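J.: If you scroll down you'll find the structure; I have some questions about it.
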Amino acid sequence: MSGFADMDIDTIWMNGEFVDWDDAKIHVMSHGLHYGTGVFEGVRSYDTEHGPAIFRWEEHLDRLYNSTKPYNMEIEHSREELTNATIELLKRQDLKSCYIRPIAFFGYDSLGVSPRNCPTDVAIGAWPWGTYLGDDALENGVEVMVSSWRKHSSSQIPTNAKTTGLYVNSLLAGEEARRNGYAEAVVLNKEGNVAEGPGENIFLVRDGEIFTPGLAESILDGITRNTLITLAREQGYTVHDNATISRGELNTADELFFTGSAAEVTPIRKVDNVVIGNGSRGPVTEELQSAFFDLVERRTDAHDDWFLYVDEQ
């Protein structure tokens, strides 16, 4: 991914106003900076023949507001206001295919661990973002390693909330993998079973059936995960969406793939240098990947209610 300085973007929506990208600043003593007390979403807009279409915006808003609940965080802006701000942001910057980042965090007031009296700051940014794990990842797949870092349990920190501070765990796992020459990591939960990637859910294909760890395995309830489960069942596959997957099962899988708003549908060709299947994108992964991109690029009329068409608003 190129740095922001290389991109033709100039506007952020912040606390109810559109501001210049370079002026979207917070105080260095903001609570969220010191304690990771923020929640966020990652959303994609796709360029379609009907214009820019934001994928599953309502579901992302659901998760954003739900993520605030464990922290007693109050977003004072309504869903309608965040939606209108996002539409206007894309129009102002003429963004078609892009990544959208809504974030809410405890701001500047006091710096005790308790965020009492700290305001909730809210911002939305959007920018062009291509293939998350590399230009050829979608076709050729990626090589991953099982990280030595474990995913925290939902009894320690809520895993169903998309919290800023929790991504330190993701950073540690991902950077460990990259230092060792891999594109990404797979993270195990505290029981030693497969949880997910640092920023992706994971799917396993075996004997023509599809398996993905259940929510009790300390995973984020991914929106792209839900999309692929739906598409796979519509294609006639049996999907076990509450699976427990051991580390060893990764090595003997017929196919593996990641899903996520950023990663979309990315095949995994090796785990810890063990070749998965035939070492390339498998047929089930390819079929589901094609179904996914047919959907999000609107080459099909299916699930039209999953899309917010920017030019029609």
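Just so you know, all these numbers are worked out from the coordinates, no wet-lab data involved. Everything quoted here is computed from the prediction, not taken from an experiment. Ideal geometry is used to build each Cβ from the backbone, glycine not excepted, and the neighbour counts take in all protein chains shown.
J.: What are the ³J(HN,Hα) values, in whole Hz, obtained from phi via the Karplus relation 6.51 cos²θ - 1.76 cosθ + 1.60 with θ = phi - 60°, for each residue of segment 107-121 in sequence order, with x given for Gly and Pro?
T.: Taking θ as phi minus 60°, the curve returns x, 9, 7, 9, 10, x, 4, 5, x, 3, 6, 6, x, 9, 8 Hz for segment 107-121.
J.: For the chain, what does -39500 (n - 2.57) per DSSP helix run (n ≥ 4), summed and divided by total residues, give at 222 nm, in deg cm²/dmol to the nearest 500? The partial results should precede the final answer.
T.: Numbers: 8 runs with 78 residues, N = 313.
Taking each H run of at least 4 residues, the total per residue is -7000 deg cm²/dmol.
J.: Still on this structure, I have one more. Compute the angle between helix 79-92 and the longest alpha-carbon principal axis of the chain, please, reported from 0 to 90 degrees and rounded to the nearest 10.
T.: So the helix axis and the longest Cα principal axis differ by about 90 degrees.
J.: Which of LEU220, LEU61 comes first, and how do the rest follow, when ranked by fewest Cβ neighbours within 10 Å?
T.: Placing the least packed residue first, the sequence is LEU61, LEU220.
J.: Still on this structure, I have one more. Which residue, ILE124, ASN84, TYR35, has the largest displacement toward the positive end of the dipole of segment 4-127 when charges sit on each Cβ (Lys, Arg +1; Asp, Glu -1)?
T.: The Cα lying farthest towards the positive end belongs to TYR35.
J.: Over its Cα atoms, what ratio of radius of gyration to 2.2 N^0.38 Å does segment 157-224 give?
T.: 1.15
J.: If you fit an axis through the alpha-carbon atoms of helix 223-234 and take the longest principal axis of the Cα set of the chain, what angle between them do you get, 0 to 90°, nearest 10?
T.: Rounded to the nearest ten degrees, it is 40.
J.: Using just the C-alpha positions of segment 137-296 as equal point scatterers, what log10 of I(q)/I(0) does the Debye formula give at each q in 0.10, 0.14, 0.16, 0.18 1/Å?
T.: Evaluating at q = 0.10, 0.14, 0.16, 0.18 Å⁻¹ gives log10 I(q)/I(0) of -0.31, -0.62, -0.82, -1.07.
J.: Distance cut-off 32 Å, Cα to Cα: go down the list LYS190/LYS270; LYS25/LYS190; LYS25/LYS96; LYS25/LYS91; LYS91/LYS270 and report the pairs above it.
T.: LYS25/LYS190; LYS91/LYS270
J.: Assuming R0 = 51 Å, what is the FRET efficiency of ASP109 and GLU297, from their Cβ-Cβ distance, to the nearest 0.05?
T.: 0.70
J.: Please sort by residue number the trypsin sites (Lys or Arg not before Pro) in segment 5-86 whose DSSP state is loop and whose Cβ has at most 10 other Cβ atoms within 10 Å.
T.: LYS25
J.: P(r) tail for segment 2-139, what percent of Cα pairs lie past 28 Å?
T.: Details: 1993 of 9453 pairs.
When every Cα pair of segment 2-139 is considered, 21 percent fall beyond 28 Å.
J.: Taking the Cβ of each residue in ILE229, ILE276 as the centre, tally the other Cβ atoms inside 10 Å and list the residues starting with the fewest.
T.: ILE229, ILE276
J.: Could you tell me the distance between the Cα centroids of segment 72-126 and segment 207-281, to the nearest Å?
T.: 32
J.: Let me ask you something else. Amide H of ILE268: which non-local residues (sequence gap of 5 or more, or other chain) have their own amide H closer than 5 Å, using H built in the peptide plane?
T.: The answer is VAL142, LEU256, PHE257, PHE258.
J.: Compute the long axis of helix 283-296 from its Cα atoms, compare it with the longest principal axis of the Cα atoms of the chain, and write down the angle in degrees, 0 to 90, nearest 10.
T.: Here the helix axis deviates by roughly 30 degrees.
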